[in-house]
Structures are given as structure tokens and as C-alpha cells.
Amino acid sequence: MVCFCSASGAFREDLLGFLAKRTELEDREARWKMATLVLDNGAYNAKIGYSHAQVSVIPNCQFRSKTARLKTFTANQLEEIKDPSGLFYILPFQKGYLVNWDVQRQVWDYLFGKEMYQVDFVDTNIIITEPYFNFSSIQESMNEILFEEYQFQAVLRVNAGALSAHRYFRDNPSELCCIIVDSGYSFTHIVPYCRSKKKEEAIIRINVGGKLLANHLKEIISYRQLHVMDETHVINQVKEDVCYVSQDFFKDMEIAKLKGEENTVTLDYVLPDFSTIKKGFCKPREEMVLSGKYKTGEQILRLTNERFAVPEILFHPSDIGIQEMGIPEAIVYSIQNLPEEMQPHFFKNIVLTGGNTLFPGFRDRVYSEVRCLTPTDYDVSVVLPENPISYSWEGGKLISENDDFEDMVVTREDYEENGHSICEEKFDI
């Protein structure tokens, strides 16, 4: 009789264990089938989309226009502003870190809401990026907002570079190392990755990004031609349309001094008036009036050496008094901080991401300068992806399809049970 009881007790325990295991597996499977939203939350643009769909690149800020001072526009509502001259930006990020949570919440409410992604939080996981060495107070606020306010079912917080590295290793399975150069709005980060783990001792940050370049261009134009200090939106467009990276700075400087036809650097840019001309554009060379004035009523900016002198700051920050290394020098310095036997693998896997890498000539200049600074017996290869802005988002999309995605995330139950400590443990920020 005693034996029978103990046997039935053991059977009951096994059955309960089996049922618990089965419930856990069913929960995991349910989470596995959930939608995953990938959000590369940049300081200037948010790259967002479901892992099974396409990415959208949307301004991560709010705007106020000069004409409608009382109305605030969020994210891609920018297109609704009839006159974007003197546009006032309200940014959630300052100096690369998320500090204005009110603005960020409003942008996220808009992105997650009915106008955009109609997120069903009960049935959605999120992969979200944040800067390297993010402050722990910001990380805790992020956990609270994602789990407690929005109530996502599972969260993966990660650096954008880690997603880019994941994408690169997926495309190049034979490679074990790469160095990600992420030149964005606030900073340029240079981060070596080995087997998808970042090598913290060799991470370098250069305090030069797209924001600084646009501000410097505003100052040059305001000093030489026209007061444009309030025209952030327009001058950012000018920067994207006309600037390029010089392959020989001093030679281009000499060309910029020449008169007439010989000066191939000078460009005339037609500014928008937002009634007949909605978007600025470069005048074709054959239509340029090299001496005298234009007969048309268009407002023209004549741009010469600023076309290449502004992006040059990425290569020589000391040009404007920032005592830091340029990008090629920083890449070499970062790699030299790593074990010698690993160095050749990094030199042949340099990956460029972020908006500044779209300047014409950027990749070639990085390659030629790194090549000059590298031992001749090492191969150097610099890769510029087809779309460097959404490259890390695509890495996030791939991670969400991984078999071990389940082990990387923190679930809502984990968070409710353990609080911030479980996130600190799991996320390598």
C-alpha cells in the first residue's frame, strides 16, 4: 500500500512537471509567433518597421513652423507644413542621449498609434536601439516606459552597431571580426565586433556628426552670403544635395579659387520659396551665370569650398578646434588596441553605416587614408552597404528570426518578477 502511494506521488510529480514544461513551451511558441517591431531609435531619424515588413525612415522629433506657432507637428507630419522656412526642431536627444522623454513619448505614441503602426502591445515584442555606454538612469526609464506604459510582451535593448555587425556576419559567414563605423547625427562611433561581441577596450567616439556639420554650414553661409541660422531644415537639405568628401583637399582648394569655367567646384543652389519651388535644387552647370546676376527671381546660394570643407571635419575635426582624431586615424587606433593576431581580420572588414557615409567620396577617402596608415602586408577592405541608414534595422529584422531570439529578450513576466536587474544582466549596452 505504501509503495503504491509513493509510486502514484512520483507519477503525479512527473505529470505536473510535464504539464509545466508544456505550458512553458506553449508560451515560448506563442511569443515566437508574435509580431516583432524593430525600432532603430536614432537622434535624427527613427528607422521602424515590423520584422516581416519593410522599414520606414521617419524624423524622430517634433516641429513648430513660423506660420503656425501654436501647432506642434510630430515625426512625418512635417509633410503637412506648408511653409517649412524657419522650422523649429524639438528633439528628444541632446548630445546623443535621450533626455527629453515627453517629446520621445509623443513621437512613439504617434508611431505606435493608429496613424502609423497600430501596435497591439499584448501581441508584440520590440527590438530597440540605444547609444553605447548609455546612462543607467536612461536605461531604467526606457525599461519602465516599454514594459509598464506600453506593456510590450518582450523587449530586446541593443546598440545599433550590434545589429549592423549581426547583418554583416550573416552576409559574410566566413568572417569572425568586423569594425563598425557608425557616423550619425550626434557622434561617430568606431566599434570592433568579434563573433558578435563588442570589444569595449577599443571603442572610440568622435564628437562629430551630421548636426555639427549642418550647423557649421549654416555659420559659413550666414557669414559669407545670407543669414540662414534659423533655416535648419533648408540647410540640412543643402548639405545633403551639394556636399562631398574631397580626395585631395588642397587640390580642390586651388580649383575653388579659379575664376569662370575652370572652377569646377562652384555650384549654384536654388533655395525653395515654398510656393512655386517646394524643394531646393542645384542649377545645371550649363545654366549657371558665372558673371553678373540671374534675371529670374530665384534666390541663389553660390557654394564653393564649403562643399568639401564641411565634410572634411569628419576627417580633421581640428579644422574647427575639436582636438580629436579623424575617422581613418581613429579606425587604425582602435584596431591597434586589439591583440595583434586579430588585427588583419579587422582591417579587411571595415563597415560604414549612418547618414554621413552617404557623402559622395566618403568610402574612397576612408579606404585611401586607412590604407596609408596600415602595414603593407595587411589587406584593407571598406564596405559601404547599399543603404547605410537602415543597415542596422535590417540586422534587427534578422535577429528577430534567430532561433535564440527567445533567449536574448526580457519578457514582461521576467521584468515584473525581477525588475531592472534582469535587464542589466541580459542587455549588453
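Quick check on this structure: which one of Glu140, Glu175 is open to solvent by less than 80 Å² (accessible area, probe 1.4 Å), under 24 Å from Ser196 (Cα atoms) and either of a type in the set (Asp, Glu) or without any contact (Cβ under 8 Å) to a residue 24 or more places away in the chain (or both)?
Numbers: Glu140 fails: under 24 Å from Ser196 (Cα atoms).
Sole residue among the options that is open to solvent by less than 80 Å² (accessible area, probe 1.4 Å), under 24 Å from Ser196 (Cα atoms) and either of a type in the set (Asp, Glu) or without any contact (Cβ under 8 Å) to a residue 24 or more places away in the chain (or both): Glu175.
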Where in the range 40-84 are the strands (runs of 3 or more DSSP E), entirely inside, with at least 1 residues that are at positive phi, touching a helix residue (DSSP H, G or I) at 6+ places or on another chain (Cβ under 8 Å) and surrounded by fewer than 17 Cβ atoms within 10 Å (Cβ to Cβ)?
-> none
Does Glu298 count as modelled with pLDDT of 85 or more, in contact with a strand residue (DSSP E or B) (Cβ under 9 Å, 6 or more places away or on another chain) and outside any helix (DSSP H, G or I)?
-> no
Are any residues in the range 88-136 hydroxyl-bearing (Ser, Thr, Tyr), more than 30 Å from Glu231 (Cβ to Cβ) and surrounded by fewer than 19 Cβ atoms within 10 Å (Cβ to Cβ), and if so, which ones?
-> Tyr132, Ser136
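Filter the range 310-338 down to the residues that are free of Cβ contacts under 8 Å to residues at least 40 places away in the same chain and either surrounded by 14 or more Cβ atoms within 10 Å (Cβ to Cβ) or assigned to a loop (DSSP other than H, G, I, E, B) (or both) and list them by number.
Those that are free of Cβ contacts under 8 Å to residues at least 40 places away in the same chain and either surrounded by 14 or more Cβ atoms within 10 Å (Cβ to Cβ) or assigned to a loop (DSSP other than H, G, I, E, B) (or both): His316, Asp319, Gly321, Gln323.
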Failed criterion for Gln104 (all others in (1) on the phi > 0 side of the Ramachandran plot; (2) at pLDDT 95 or above hold) = (1)
Scope the range 329-357; condition closer than 15 Å to Phe315 by Cα and among the charged types (D, E, K, R); matching residues | Glu329
Leu290 passes all but one of the listed conditions (1) surrounded by 18 or more Cβ atoms within 10 Å (Cβ to Cβ); (2) of a type outside the set (Ser, Thr, Tyr); (3) touching a helix residue (DSSP H, G or I) at 6+ places or on another chain (Cβ under 6 Å); the exception is number (1)
In the range 187-218, the residues that are within 18 Å of the chain's Cα centre (by Cα), hydrophobic (A, V, I, L, M, F, W, C) and more than 30 Å from Val234 (Cα to Cα) = Val191, Ile203, Ile204
Residue identified as touching a residue at least 40 places away in the same chain (Cβ under 8 Å) and of a type in the set (Val, Ile, Thr) among Val245, Val228 = Val245
Is it the case that some residue within the range 398-416 is touching a Gly at 6+ places or on another chain (Cβ under 9 Å) and either open to solvent by 70 Å² or more (accessible area, probe 1.4 Å) or not aliphatic (A, V, I, L, M) (or both)?
-> no
Of the criteria (1) more than 13 Å from Ala309 (Cβ to Cβ); (2) assigned to a helix (DSSP H, G or I); (3) free of Cβ contacts under 8 Å to residues at least 24 places away in the same chain, which one Lys278 fails = (2)
Quick one: in the range 168-197, which of the residues that are small (Gly, Ala, Ser) and in a loop (DSSP other than H, G, I, E, B) is nearest to Lys397 (Cα to Cα)?
-> Ser196
All conditions in (1) closer than 21 Å to Lys199 by Cα; (2) at pLDDT below 95 are true of Gln118 except (1)
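Can you pull out every residue in the range 122-131 that is outside any loop (DSSP other than H, G, I, E, B) and not polar (S, T, N, Q)?
Val122, Asp123, Ile126, Ile127, Ile128, Glu130
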When every residue in the range 132-167 that is out of contact with any strand residue (DSSP E or B) (no Cβ under 6 Å at 6 or more places or on another chain) and assigned to a loop (DSSP other than H, G, I, E, B) is compared, the one farthest from Gly184 (Cα to Cα) is Gln151
Residue list for the range 185-211, restricted to those being under 16 Å from Leu358 (Cα atoms) and out of contact with any Gly (no Cβ under 8 Å at 6 or more places or on another chain) | Val208, Lys211
Could you please find all residues in the range 339-356 being buried (at least 22 other Cβ atoms within 10 Å of the Cβ), within 21 Å of the chain's Cα centre (by Cα) and part of a helix (DSSP H, G or I)?
-> Asn356
Within the range 380-429, track down each residue that is polar (S, T, N, Q), part of a helix (DSSP H, G or I) and touching a residue at least 12 places away in the same chain (Cβ under 8 Å).
-> Ser392, Ser400
Select from the range 234-273 the residues that are in contact with a Ser or Thr (Cβ under 6 Å, 6 or more places away or on another chain) and either farther than 23 Å from Val366 by Cβ or aromatic (Phe, Trp, Tyr) (or both) and list them in ascending order.
-> Thr266
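The values are calculated or read from the model by the stated rules, or taken from the named source; none is laboratory data. This one's a predicted model, so the numbers in the text were calculated from it and none came from an experiment. Virtual Cβ from ideal backbone geometry, glycine too; neighbours counted across all protein chains shown. Surface accessibility is based on the protein's heavy atoms, side chains included, excluding ligands, DNA and RNA. Shrake-Rupley method; radii C 1.70, N 1.55, O 1.52, S 1.80 Å.
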